[in-house]
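Chemist: Below you will find the structure I want to go over with you.
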Amino acid sequence: MQTPSIYLRSDLNPWADVPPSMRGNRVPVLYVTDRAPEEDDQDASPNHKAYGAKRSRSAAFGIAEMQIGQNIPWDELVRESRSATRAKTLDLSVVTVRELGRFAPTPPKLVISDAELAQTRPVADPAGRQAETRFVAEISDRLAQSPCKDVFVFVHGFGNTLEDSVTTIGQLWHFMGRPGVAVAYAWPTGVGQLRAYNYSRESGDFTIYHLKQTLRLIASCPDVARIHVIAHSRGTDVASTAIRELHLAAGGGEVNTQRVLKLGTLVLAAADLDIDVVIQRLAAERVGRACQQVAIYVCNRDRALDTSKWLFGGAMRFGDIRSSLFEPAELQILRSSQRLQIIDARVADPGYYGHNYFYSNPAVSSDLILLLRYQLPPGTEYGRPLNRSASGFWAIDDDYPGPKTWLEGIRRAQPEHGDAQSPP
């Protein structure tokens, strides 16, 4: 991941506040996965659990450590992380994957008696309850090391491995200054071509229950202030559907959902979603009320979404949404809204296949950091200088964030560049 532009054009240094216990070139990421373990893996060890693409009815959790470079001291890592041209190669590797527990299978058994169906709640599995308690305790222990009490959950897209998920959120979390807790939610997507894509679509339906279970458990931790969900590509379908179902289960009201689930920011990056499905299932049921704010990153140079559009008969994908879809009055609402932000990445290099720009492009990653770490609304006056487009969308160009006048907005909102605890 290239150094985000905000660090090249300012004195921002989020690593100055990292507690000593969290400093080092190893980045711990809490993971949750319903991928089946590869028990026949000849290289398997307790410190490097292997998970494949097959599905597991029971989700597991653990700690994966991403290593940045080789034997690089903390001060040197910080210096390299703020440099445009790095003196050292900061190779990434996932060096340990330690499973800490496994939740009960869902459902606990395949045949359920009439008497059990009559019960309001299923009988709790003691081993599963013990795993849930340990998971919540793990979050509490990690939050105790950070002044920020937020949790950042990343839901990956098609063709990713667990290690891919860990390195993506691990890099973002490192460049945010390692606030709170980073979580990689790794669902069993396929790897390959068209048949793997079809498998992934059905695996996306399969994993929704486990993602809901994960979000509920994180929210149940009394030390958690907010949960931010960052979803990419096909992961946007998984994340948005899980939040929709949780929102409807909470009664569909803004107060109930936010109080129970502690949902802060929902990021949908390069969303591989049918726009008509979004309108019917998310917009019509006002799922945006479940979160404090929703940021949608789009790019018209996303070739991966072009392929998806072709696969599904030309249906527009949400990550390639155009302003022509909206009425003039709706565009006016978009221009004035801080809660719903559609952000057009008009950058020269949108990354591999034009699809991973949300973290690989230094201008776009800068905005994501200002959004997630500092919880800033769009606008130079708030310290997040997105361009106001006539289309109603916000826009990021290659020179983002531009002149340093935006720093004053951060200083007003977050004195001494501290962590945000609530939106300004």
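Chemist: Checking Gly204 against (1) in contact with a Pro (Cβ under 8 Å, 6 or more places away or on another chain); (2) under 24 Å from Lys54 (Cβ atoms): exactly one of these is not met. Which one?
Modeler: (1)
Chemist: If I go through segment 188-222 residue by residue, how many of them are under 18 Å from Phe158 (Cα atoms) and either surrounded by 14 or more Cβ atoms within 10 Å (Cβ to Cβ) or in contact with a Lys or Arg (Cβ under 7 Å, 6 or more places away or on another chain) (or both)?
Modeler: Going through segment 188-222, the residues under 18 Å from Phe158 (Cα atoms) turn out to be 188-208, 210-211.
Then keep just the ones that are either surrounded by 14 or more Cβ atoms within 10 Å (Cβ to Cβ) or in contact with a Lys or Arg (Cβ under 7 Å, 6 or more places away or on another chain) (or both); that gives 188-191, 196-197, 199-201, 203-204, 206-208, 210-211.
Residues in segment 188-222 being under 18 Å from Phe158 (Cα atoms) and either surrounded by 14 or more Cβ atoms within 10 Å (Cβ to Cβ) or in contact with a Lys or Arg (Cβ under 7 Å, 6 or more places away or on another chain) (or both): 16 in total.
Chemist: Give me the helices (runs of 4 or more DSSP H) completely within segment 316-384, filtered to those with at least 2 residues that are of a type in the set (A, V, I, L, M, F, W, C), ordered by residue number. Working first, answer last.
Modeler: Numbers: elements: 328-336, 357-360, 362-372.
It comes to 328-336, 362-372.
Chemist: Select, from Leu282, Leu311, the only residue that is hydrophobic (A, V, I, L, M, F, W, C), touching a residue at least 60 places away in the same chain (Cβ under 8 Å) and surrounded by fewer than 23 Cβ atoms within 10 Å (Cβ to Cβ).
Modeler: Leu311
Chemist: Report yes if some residue within segment 50-61 is over 21 Å from Asn160 (Cα atoms) and not basic (Lys, Arg); otherwise report no. Before the answer, list the steps.
Modeler: Within segment 50-61, the subset over 21 Å from Asn160 (Cα atoms) is none.
No, segment 50-61 contains no residue that is over 21 Å from Asn160 (Cα atoms) and not basic (Lys, Arg).
Chemist: Just wondering, is there one or more residues in segment 327-339 that are surrounded by 23 or more Cβ atoms within 10 Å (Cβ to Cβ) and over 30 Å from Pro147 (Cβ atoms)? Step through it out loud before you land on a result.
Modeler: Taking segment 327-339 and keeping what is surrounded by 23 or more Cβ atoms within 10 Å (Cβ to Cβ), we get none.
Looking for residues that are surrounded by 23 or more Cβ atoms within 10 Å (Cβ to Cβ) and over 30 Å from Pro147 (Cβ atoms), one finds none in segment 327-339, hence no.
Chemist: Filter segment 114-163 down to the residues that are surrounded by fewer than 19 Cβ atoms within 10 Å (Cβ to Cβ) and of a type in the set (A, V, I, L, M, F, W, C) and list them by number.
Modeler: Ala115, Leu117, Ala118, Val123, Ala124, Ala127, Val136, Ala137, Ala144, listed by residue number.
Chemist: Please go through segment 217-234 and give me each residue that is within 17 Å of Tyr31 (Cβ to Cβ), under 16 Å from the mean Cα position of the chain (by Cα) and not β-branched (Val, Ile, Thr), ordered by number.
Modeler: Those that are within 17 Å of Tyr31 (Cβ to Cβ), under 16 Å from the mean Cα position of the chain (by Cα) and not β-branched (Val, Ile, Thr): His228, Ala231, His232.
Chemist: Looking only at residues that are out of contact with any Leu (no Cβ under 8 Å at 6 or more places or on another chain) and part of a loop (DSSP other than H, G, I, E, B) in segment 385-397, which one is nearest to Ile410 (Cα to Cα)? Steps first, please.
Modeler: Applying the first criterion (out of contact with any Leu (no Cβ under 8 Å at 6 or more places or on another chain)) to segment 385-397 yields 385-390, 397.
Retained after the next criterion (residues that are part of a loop (DSSP other than H, G, I, E, B)): 385-386, 389-390, 397.
Details: Pro385: 10, Leu386: 14, Ser389: 22, Ala390: 25, Asp397: 20 Å.
Step by step, filter segment 385-397, then rank; the result is Pro385.
Chemist: Here's something else I'd like to know. Does segment 70-77 contain at least one residue that is touching a residue at least 24 places away in the same chain (Cβ under 8 Å), of a type in the set (Val, Ile, Thr) and touching a strand residue (DSSP E or B) at 6+ places or on another chain (Cβ under 6 Å)?
Modeler: no
Chemist: Turning to a different aspect of this structure: If Thr3 satisfies every condition in (1) among the polar types (S, T, N, Q); (2) crowded, with 18+ Cβ neighbours inside 10 Å; (3) assigned to a strand (DSSP E or B) but one, which is the exception?
Modeler: Checking Thr3 against (1) among the polar types (S, T, N, Q); (2) crowded, with 18+ Cβ neighbours inside 10 Å; (3) assigned to a strand (DSSP E or B), the one that fails is (3).
Chemist: May I pose another question? Confirm whether Glu202 is within 14 Å of Asp34 (Cβ to Cβ) and part of a helix (DSSP H, G or I).
Modeler: Values: within 14 Å of Asp34 (Cβ to Cβ): yes; part of a helix (DSSP H, G or I): yes.
Considered against the rule, which asks whether it is within 14 Å of Asp34 (Cβ to Cβ) and part of a helix (DSSP H, G or I), Glu202 comes out as yes.
Chemist: Continuing with the same structure: Restricting to segment 145-165, name every residue that is among the aliphatic types (A, V, I, L, M) and more than 11 Å from the chain's Cα centre (by Cα).
Modeler: Start the filter on segment 145-165 by keeping residues that are among the aliphatic types (A, V, I, L, M), which leaves 151, 153, 155, 162.
Of everything in segment 145-165, just one residue is among the aliphatic types (A, V, I, L, M) and more than 11 Å from the chain's Cα centre (by Cα), namely Leu162.
Chemist: Which of the residues belonging to segment 235-287 are charged (D, E, K, R), under 23 Å from Ala315 (Cα atoms) and either touching a strand residue (DSSP E or B) at 6+ places or on another chain (Cβ under 9 Å) or not in a loop (DSSP other than H, G, I, E, B) (or both)? Outline the logic, then answer.
Modeler: Within segment 235-287, the subset charged (D, E, K, R) is 237, 244-245, 254, 259, 262, 272, 274, 276, 281, 285-286.
Retained after the next criterion (residues that are under 23 Å from Ala315 (Cα atoms)): 237, 244, 272, 274, 276, 281, 285-286.
Passing the criteria: Asp237, Arg244, Asp272, Asp274, Asp276, Arg281.
Chemist: Okay, moving on. Of these, Pro403, Pro362, Pro378, which one is closer than 15 Å to Leu12 by Cβ, surrounded by fewer than 24 Cβ atoms within 10 Å (Cβ to Cβ) and free of Cβ contacts under 8 Å to residues at least 60 places away in the same chain?
Modeler: Numbers: Pro362 fails: free of Cβ contacts under 8 Å to residues at least 60 places away in the same chain; Pro378 fails: closer than 15 Å to Leu12 by Cβ.
Exactly one of Pro403, Pro362, Pro378 is closer than 15 Å to Leu12 by Cβ, surrounded by fewer than 24 Cβ atoms within 10 Å (Cβ to Cβ) and free of Cβ contacts under 8 Å to residues at least 60 places away in the same chain, namely Pro403.
Chemist: For residues that are in a loop (DSSP other than H, G, I, E, B) and touching a helix residue (DSSP H, G or I) at 6+ places or on another chain (Cβ under 8 Å), scanning just segment 292-315, find the one that is farthest from Gln258 (Cα to Cα). Steps first, answer last, please.
Modeler: Filtering segment 292-315 down to residues in a loop (DSSP other than H, G, I, E, B) leaves 292, 299-302, 312-315.
Still in the running and touching a helix residue (DSSP H, G or I) at 6+ places or on another chain (Cβ under 8 Å): 292, 299-302, 315.
Values: Gln292: 8, Cys299: 29, Asn300: 32, Arg301: 34, Asp302: 32, Ala315: 32 Å.
The extreme case among them is Arg301.
Every number in this text was worked out from the coordinates using simple rules, so none of it is lab data. This structure is a prediction, so every number in the text was calculated from the model and none was measured. No Cβ is skipped: glycine too gets one built from the backbone with ideal geometry, and neighbour counts run over all protein chains shown.
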